[in-house]
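Structure, as structure tokens:
Just so it is clear, none of the values below were taken in a lab; they were calculated from the coordinates. This one's a predicted model, so the numbers in the text were calculated from it and none came from an experiment. Note that each Cβ is placed from the backbone with ideal geometry, even for glycine, and that neighbours are counted across all protein chains shown.
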Ligand code: SF4
Ligand code: SF4
């Protein structure tokens, strides 16, 4: 190949390496940090083996961001953090600076723009939330709206570090729960099986695909008005909504029958105790936009009881394990019912709950 041909050959390109987005001090000391500390809520101080020091200022964002808001954040980054900023998995924004004198003016400017500085250490950090009406094709509610309502009520818990340990919240706008495990998770719960529109189903859905989606084999082929379609065995259906994702003609969302449930005690880390799965503590809460007061009330009760009774470093699940479920329901004032007992007969009791590698 001549050099001329080589010039015209398409250069294989992918995303830029993440290293280009790191602050130069982070890039230089990558993987060589000596220690870090939290001098005050919303501020982290990292000290490297080389002696370099970098401060991080963390602020909460609404996640669904306007262009104007992004421009404001970029202006703050240009002014105080050498043009570098980054978003965390919980939609906080972080600015890193090697200059200690930049920290306080940056906090003042972020607060004046309406971004609360906090979310570090033993606090309620921003909520990990799913797409809601804006993006996903199957949500029964607006996860972002529930987040806004919840965070308005725990604003001070985001800015202070007064909880026994970190509190991770998540919300999910369908039962598939892509918000995931959390200390407190708010998840949509459908209470009746999907309603099938046979006219649409025969035209829009691949029948085997919809059948294969059902985790409890409740969907079966049938014939209606001489056309091949599907039926749901309602005695078997667990109202998970998985079929609706594969087949829009199996509508499960409903303003009355799609409710909210609150789960507690999820933990992904191995710190102090092994990871744990969540347990249901409230359900049949109405899907009540725009402020979802019933949901925020339940979350507030749990946080108040945990803050008052949790020992230092206890996560919510560890606190409940120590005091017992009976006392949890007494202290939160939530009502227990037998639907909260996990009696699902296919539950994997031998599930490997530790992230440790075993041989
Ligand atoms: S929780 Fe469900 S509806 Fe919401 S974004 Fe995830 S898959 Fe979509
Ligand atoms: S809602 Fe879930 S359990 Fe019910 S039919 Fe659809 S996939 Fe099956």
Cβ-Cβ FRET estimate between residue 16 and residue 133, R0 fixed at 30 Å, reported to 0.05:
0.40
Pull out the extension gain between residue 33 and residue 304, defined as 0.36 nm times the separation in residues minus the alpha carbon to alpha carbon distance; nm, one decimal.
94.0 nm
Two-site FRET efficiency, residue 220 against residue 284, from Cβ-Cβ distance with R₀ of 25 Å, rounded to 0.05:
0.30
Please build a GNM for the chain, connecting alpha carbons under 10 Å apart, and tell me which residue among 198, 190, 16 fluctuates the most.
16
When the expected Rg is taken as 2.2 N^0.38 Å, what fraction or multiple of it is the alpha-carbon Rg of segment 195-251?
0.99
For the chain, with a Gaussian network of springs between Cα atoms less than 10 Å apart, report the residue from 126, 100, 235 with the top mean-square fluctuation.
235
Sorted largest first, extent of segment 26-112 alpha carbons per principal axis (Å):
39, 25, 22
7 Å from Cα along Cα→Cβ at both residue 321 and residue 100: what's the point-to-point distance in nm?
4.0
Beta carbons within 10 angstrom, averaged per residue: use that to sort the peptides 281-291, 171-181, highest first.
171-181, 281-291
Just the number: Rg to Rh for segment 146-271, Cα atoms, Kirkwood Rh, two decimals.
1.13
Over what distance in Å are the Cα centres of segment 28-78 and segment 128-159 separated?
24
Pick out which of 245, 265, 14 has the largest mean-square fluctuation in a Gaussian network model of the chain, springs linking Cα atoms closer than 10 Å.
14
Between segment 279-330 and segment 230-269, the alpha-carbon center distance in angstrom:
23
Using a Förster distance of 56 angstrom, determine the FRET efficiency expected from the C-beta separation of residue 227 and residue 337, and round it to 0.05.
0.85
Give, in nm to one decimal, the length gained when the segment between residue 204 and residue 67 is fully stretched (0.36 nm per residue of separation minus the Cα-Cα distance).
45.6 nm
Cα-based Rg/(2.2 N^0.38 Å) for the chain, rounded to two decimals, is 1.19
Could you tell me how many degrees, from 0 to 90 and to the nearest 10, lie between the Cα long axis of helix 103-112 and the main elongation axis, the longest principal axis, of the Cα atoms of the chain?
40
Calculated from DSSP helices alone, with each H run of at least 4 adding -39500 (n - 2.57) and the total divided by the residues of the chain, [θ]222 nm to the nearest 500 comes to -8000 deg cm²/dmol
